[in-house]
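Visitor: Dropping the structure in here first, questions after.
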Amino acid sequence: DQQVKQNSPSLSVQEGRISILNCDYTNSMFDYFLWYKKYPAEGPTFLISISSIKDKNEDGRFTVFLNKSAKHLSLHIVPSQPGDSAVYFCAASEASGTYKYIFGTGTRLKVLA
Amino acid sequence: SAVISQKPSRDICQRGTSLTIQCQVDSQVTMMFWYRQQPGQSLTLIATANQGSEATYESGFVIDKFPISRPNLTFSTLTVSNMSPEDSSIYLCSVVGLGGGGETQYFGPGTRLLVL
């Protein structure tokens, strides 16, 4: 049973436009969520996180939105740049600090120049 | 940030054999983990590597199949024993270290394993 789902395996966006990556989860005990970015032949790198007490967290061009009632989070990248082309994983855990994350299967983002 | 290296970066192995993957970190870290990513699947936590004691395995993973060592705070090994084609995966070492915003989890580049 996949507790964290990324239903879009891939996404293409024009440079300068907004990229929206979506993630759904089923476990209502999850209260800490993260996004990781992965380039080929490299390990995932941490991008941004959000705890359940917030519904939005911003870091530069990256914003994560959390809708707890819908068990849905999204990552917005504005404006998108070609260097953002990578695989993006969302992850969730029942508490920050445990580092026992459940990962989604990833969405491959391609930003077209 | 923590810099993690893994050896080998990739390997092709015959079924029934074993492979040991090494993970080296450039600084002392408190927590180290081993993950697996099977083709088309998400990253799955195998175990937490505990320094000086037995690893803590997640449901579905056992020590006989994935023995783990962690002799010090910068090094760990994962052995994939008696391999079958189903073990073909990317295996990733992960650590918790101090980043710009506090504790952050870092991942190594992964070891790509193909079992024939």
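The values are calculated or read from the model by the stated rules, or taken from the named source; none is laboratory data. This one's a predicted model, so the numbers in the text were calculated from it and none came from an experiment. Here Cβ is always computed from backbone atoms with ideal geometry, including for glycine, and neighbour counts include all displayed protein chains. All accessible areas refer to the heavy atoms of the entire protein, side chains included, with ligands and DNA or RNA removed. Shrake-Rupley method; radii C 1.70, N 1.55, O 1.52, S 1.80 Å.
Visitor: With the condition being more than 14 Å from the chain's Cα centre (by Cα), I'd like the strands (runs of 3 or more DSSP E) fully within region B:55-116 carrying at least 3 qualifying residues.
Guide: Output list reads B:89-99, B:102-107.
Visitor: I would also like to ask the following. Those residues that are hydrophobic (A, V, I, L, M, F, W, C) and either open to solvent by 50 Å² or more (accessible area, probe 1.4 Å) or outside any strand (DSSP E or B) (or both), I need them from region A:12-26; list them, please.
Guide: A:I18, A:I20
Visitor: How many residues are open to solvent by 50 Å² or more (accessible area, probe 1.4 Å) and in a strand (DSSP E or B) if we restrict to region A:78-99?
Guide: Looking only at that region, the number is 0.
Visitor: Scanning region B:21-48 for residues that are among the hydroxyl-bearing types (S, T, Y) and in contact (Cβ under 8 Å) with a residue 60 or more places away in the chain, which turns out nearest to A:F46 (Cα to Cα)?
Guide: B:Y35
Conditions tested, residue by residue: (1) modelled with pLDDT of 95 or more; (2) more than 12 Å from every other protein chain (Cβ to nearest Cβ); (3) touching a helix residue (DSSP H, G or I) at 6+ places or on another chain (Cβ under 8 Å).
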| residue | (1), (2), (3) |
| --- | --- |
| A:F46 | no, no, no |
| A:H72 | yes, yes, no |
| A:S80 | yes, yes, no |
| A:S96 | no, no, no |
| A:I102 | no, no, no |
| A:V111 | yes, yes, yes |
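Visitor: From (1) open to solvent by 50 Å² or more (accessible area, probe 1.4 Å); (2) within 14 Å of chain A (Cβ to nearest Cβ); (3) of a type outside the set (A, V, I, L, M); (4) assigned to a strand (DSSP E or B), pick out the condition that doesn't hold for B:T20.
Guide: Only one criterion is unmet by B:T20, namely (2).
Visitor: Considering region A:100-113 alone, what residues qualify as being part of a strand (DSSP E or B) and open to solvent by less than 50 Å² (accessible area, probe 1.4 Å)?
Guide: Passing the criteria: A:F103, A:T107, A:L109, A:V111.
Visitor: Here is a follow-up. Pick from region A:49-62 the residues that are over 14 Å from A:K37 (Cα atoms) and hydroxyl-bearing (S, T, Y): which of them is surrounded by the fewest Cβ atoms within 10 Å (Cβ to Cβ)?
Guide: A:S51
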